1. For region 1-50, which trypsin sites (Lys or Arg not before Pro) are both in a DSSP coil and crowded by at most 13 other Cβ atoms within 10 Å?
2. I146: net charge of surrounding residues, Cβ under 15 Å, Lys/Arg +1, Asp/Glu -1, itself excluded?
3. Can you list the lysines whose alpha carbon sits under 16 Å from that of K158, skipping same-chain ones fewer than 8 residues off?
4. Which value in deg cm²/dmol, rounded to the nearest 500, describes the helix-derived mean residue ellipticity at 222 nm for the chain, given -39,500 (n - 2.57) per DSSP H run of n ≥ 4 and division by the residue count?
Amino acid sequence: DSRTSYRSIGTSVHLTTNAVKSRIIKMISDGVILGFRMTVDVGVFGFSRTYYVGIKDSQSLEATANRLGLFGQIITRIESMGGVTTFEIAVREEQGEEKLESLREALRPAVVQSITMGHAFPVRLKLGSADYMMMKHLLSDPRMRISELADKVHLSSKTAGERLRRMKDDHILR
């Protein structure tokens, strides 16, 4: 959890807050920690499933990505060695499995090496515009201080912290 405070980390590993902070800063500068990220469950935006599609494309990866976008919203694109690119695609229930069964054929001449399905969590928490604004700011800086986040979305620090905790508890944010 990239939002864990230096004090909390220090308590669990028996170091002072300053020692934890300086070690984390050193790990960032040494390239041990490459960055911090936050993920938002796609169920918040009405998607019911995610698919991870591994594709090997020797011709035009951009054209393949455009065709893949017709099946759902591309969330993540990871290129790796050997010419394999993995896409995470969010789909709505009505887009269903029958449409995805034609995926291999529709993406030719690219070769679909694997398709793995995941599910979005059902969202029980009613989200407001301030919640979406908080997510937007946290996507750009997951370690943003709650007081700074609260100022950006015009909430008190206590309210922003409580909303953030509830979104984490409901698996909306990770």
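Each reported figure results from applying straightforward, stated rules to the coordinates on display, with no laboratory input. No experiment lies behind these values; they were computed from the predicted model shown. Neighbour counts are summed over all protein chains in view; Cβ atoms, including those assigned to glycine, are modelled from backbone coordinates with ideal geometry.
1. Numbers: sites: R3, R7, K21, R23, K26, R37, R49; in loops: R3, R37.
Passing both the DSSP loop test and the Cβ count: R37.
2. It works out to a net charge of +4.
3. Cross-link targets: K168.
4. -11500 deg cm²/dmol
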